[in-house]
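K.L.:
First the structure, then my questions, so here it is.
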Amino acid sequence: MTNSRHIFLGWGLALTVTTAAFAGLPKLADASAMAKDQMRWENRAVAFQTTNETARSASEFAKTYASLHLDTSISNSWMRDLSVTTSLRGRSQSVMANAKAAKTEQQCLAEAIYYEARSERLPGQKAVAEVVLNRVNSKHFPNSICGVVYQGAHRTSGCQFSFTCDGSMDKMPKGKSWKNAQSVADHMIMGVSAPMTWRSTHYHTTDVNPAWSKTLRKTRKYDTHVFYRFQPRSYKHRPVSAAP
């Protein structure tokens, strides 16, 4: 009898524990979810209160600007930020586009200097770069640096600068010569170099004598390059190739 009673009490205890567990698990899960949610909101609140100095400065700027130019009924500083910067988005995109275009132009000029004159001394490199820029300013050629440098490069013949179609670019620019070419390109684009070639738009190396050179006016010689410009309008001559 005693054994039967112990067994009955054991089963009863087990059922009680099981029932309590089933009843309590949802409550525990809810409590855990609430704790996680509370922690998440607390973290967001802390992040909001510890906004970095840049954001704070922008907010203060917006607040001041709003008092002068915007609807002062907008009391939320973050909404002021949005109101102030919305009109600037188009400008910022334009600035980025211009910066990207300027970098591309610098790259094209640096490539011309590197492939055409990296073995030259500085004056010779600057003179080659000046020819490119003179062409940009001439009505006879494209009005961008990349347009000038790569004019005709898509054709099997007729490229204006030989390196763009003779396979030279299979070897990527590198090393000190490439860094130097980029530096020269930067300075030439900024216009900090005095004119050197008397408005030359053409050149060739000293080891060749192209037919077109006889129809142009020779201006200067730097290292292994001879430079030319168009003859005055009063000078009668036959049409010439635009190739350097």
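Bear in mind these aren't lab numbers, they're just calculated from the coordinates by the rules spelled out. Since we're looking at a predicted model, the values are computed, not measured. Ideal geometry is used to build each Cβ from the backbone, glycine not excepted, and the neighbour counts take in all protein chains shown.
K.L.:
Suppose the chain between Lys100 and Arg121 were pulled fully straight at 0.36 nm per residue; how much longer would it get relative to their current alpha carbon spacing?
P.N.:
Going from the current span to full extension adds 4.6 nm.
K.L.:
Going highest first, how would you order 135-144, 219-228 by mean Cβ packing within 10 Å?
P.N.:
219-228, 135-144
K.L.:
Okay, next question. Filter the cross-link list Lys171/Lys221; Lys126/Lys221; Lys176/Lys221; Lys174/Lys218; Lys179/Lys221; Lys171/Lys218 down to pairs whose alpha-carbon distance in this structure exceeds 21 Å. Write down the numbers at each step before the final one.
P.N.:
Numbers: Lys171/Lys221 28 Å; Lys126/Lys221 12 Å; Lys176/Lys221 25 Å; Lys174/Lys218 33 Å; Lys179/Lys221 25 Å; Lys171/Lys218 32 Å.
As for pairs spanning more than 21 Å Cα to Cα, those are Lys171/Lys221; Lys176/Lys221; Lys174/Lys218; Lys179/Lys221; Lys171/Lys218.
K.L.:
Run the simple label-point estimate for Met172 and Ala153 please: 7 Å along Cα→C-beta, distance reported in nm.
P.N.:
Result for the modelled spin labels: 1.6 nm.
K.L.:
For Met196, what is the net charge nearby, where nearby means another residue's Cβ is under 13 Å from its Cβ and Lys, Arg count +1, Asp, Glu -1?
P.N.:
+3
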